[in-house]
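A.B. asks: Got a structure here, written out as structure tokens. Questions coming.
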């Protein structure tokens, strides 16, 4: 499986105990959607490698305790700490019409209600403190917060994002 056919579910945060269990930090809104996983992919040397699960138990705080088949000791799993955990895009849960996944927004055009076309979304920064759209405007990257009040509407069919930019936001990025 290629990385462009997958999404990052989280990462291996630490080893748990001596019998080959690891703790996985989940970067999803609804961890319960993934509690019946039978396998995951770990990114090793820029490749996604499948790992089959003996168990995957959700823990408080967007974590899961995982045990991989045939890995039964601390020594066998300690090199997995820090690796990204991936699933195929087909494992994503179904969304309502007004909901979207961040990766779906890449390539959408952003329109401001007063300034008109801002430009295409090149990247979505999924940060711990705030999520941002990386939009190309006049050959510069403009970061637009993904917040209610700024993002007014996402039209998935037309591939457009309508927003109301805060006063002066564009000008900050256009200064030399």
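A.B. asks: Could you tell me which of the residues 105, 9, 42 is touching a helix residue (DSSP H, G or I) at 6+ places or on another chain (Cβ under 9 Å) and within 30 Å of residue 151 (Cα to Cα)?
C.D. replies: Checking each option against the conditions leaves just 9.
A.B. asks: Here is a list: 14, 63. Which entry is closer than 23 Å to residue 101 by Cβ and either surrounded by fewer than 18 Cβ atoms within 10 Å (Cβ to Cβ) or out of contact with any helix residue (DSSP H, G or I) (no Cβ under 7 Å at 6 or more places or on another chain) (or both)?
C.D. replies: Selected residue: 63, the only one of 14, 63 that is closer than 23 Å to residue 101 by Cβ and either surrounded by fewer than 18 Cβ atoms within 10 Å (Cβ to Cβ) or out of contact with any helix residue (DSSP H, G or I) (no Cβ under 7 Å at 6 or more places or on another chain) (or both).
A.B. asks: I'd like the full set of residues that are surrounded by 12 or more Cβ atoms within 10 Å (Cβ to Cβ) and under 15 Å from residue 13 (Cα atoms), limited to region 77-90.
C.D. replies: Residues satisfying the conditions are 77, 78, 80, 81, 83, 84, 85, 86.
A.B. asks: Restricting attention to region 160-169, does a residue exist that is surrounded by fewer than 11 Cβ atoms within 10 Å (Cβ to Cβ) and without any contact (Cβ under 8 Å) to a residue 60 or more places away in the chain?
C.D. replies: Checked region 160-169: at least one residue is surrounded by fewer than 11 Cβ atoms within 10 Å (Cβ to Cβ) and without any contact (Cβ under 8 Å) to a residue 60 or more places away in the chain.
A.B. asks: Given the conditions (1) touching a strand residue (DSSP E or B) at 6+ places or on another chain (Cβ under 9 Å); (2) within 30 Å of residue 152 (Cα to Cα); (3) touching a residue at least 24 places away in the same chain (Cβ under 8 Å), and given that residue 119 satisfies all but one, which numbered condition is not satisfied?
C.D. replies: Only one criterion is unmet by residue 119, namely (3).
A.B. asks: Still on this model: So if I check each of 82, 61, which one is within 18 Å of residue 43 (Cα to Cα), in a loop (DSSP other than H, G, I, E, B) and within 23 Å of the chain's Cα centre (by Cα)?
C.D. replies: Result of the check over 82, 61: 82.
A.B. asks: Also: Suppose we keep only residues that are under 22 Å from residue 126 (Cβ atoms) and modelled with pLDDT of 95 or more within region 1-21. Which one would you say is nearest to the chain's Cα centre (by Cα)?
C.D. replies: 11
A.B. asks: Considering 39, 16, which residue is more than 30 Å from residue 141 (Cα to Cα), without any contact (Cβ under 8 Å) to a residue 40 or more places away in the chain and not assigned by TED's automatic domain parsing to the domain that holds residue 132?
C.D. replies: The unique qualifying residue is 39.
A.B. asks: Same structure again: Using the structure shown, decide if residue 143 is surrounded by 11 or more Cβ atoms within 10 Å (Cβ to Cβ), in contact (Cβ under 8 Å) with a residue 12 or more places away in the chain and closer than 25 Å to residue 156 by Cα.
C.D. replies: Criteria met by residue 143.
A.B. asks: Determine, yes or no, whether residue 34 is out of contact with any strand residue (DSSP E or B) (no Cβ under 6 Å at 6 or more places or on another chain), surrounded by 12 or more Cβ atoms within 10 Å (Cβ to Cβ) and either over 30 Å from residue 162 (Cα atoms) or in contact (Cβ under 8 Å) with a residue 40 or more places away in the chain (or both).
C.D. replies: Yes; evaluated as a whole, the condition is true for this residue.
A.B. asks: In the same structural domain as residue 82 (by TED's automatic domain parsing), farther than 19 Å from residue 92 by Cα and modelled with pLDDT of 90 or more: does that describe residue 60?
C.D. replies: yes
A.B. asks: Going through 68, 51 one at a time, which residue ends up being surrounded by 17 or more Cβ atoms within 10 Å (Cβ to Cβ) and in contact (Cβ under 8 Å) with a residue 40 or more places away in the chain?
C.D. replies: Exactly one residue qualifies, and that residue is 68.
The values are calculated or read from the model by the stated rules, or taken from the named source; none is laboratory data. As the structure is a computational prediction, the values presented were derived from the model and not from experiment. With ideal geometry, Cβ positions are generated from the backbone for all residues, glycine too; neighbour counts draw on all protein chains shown.
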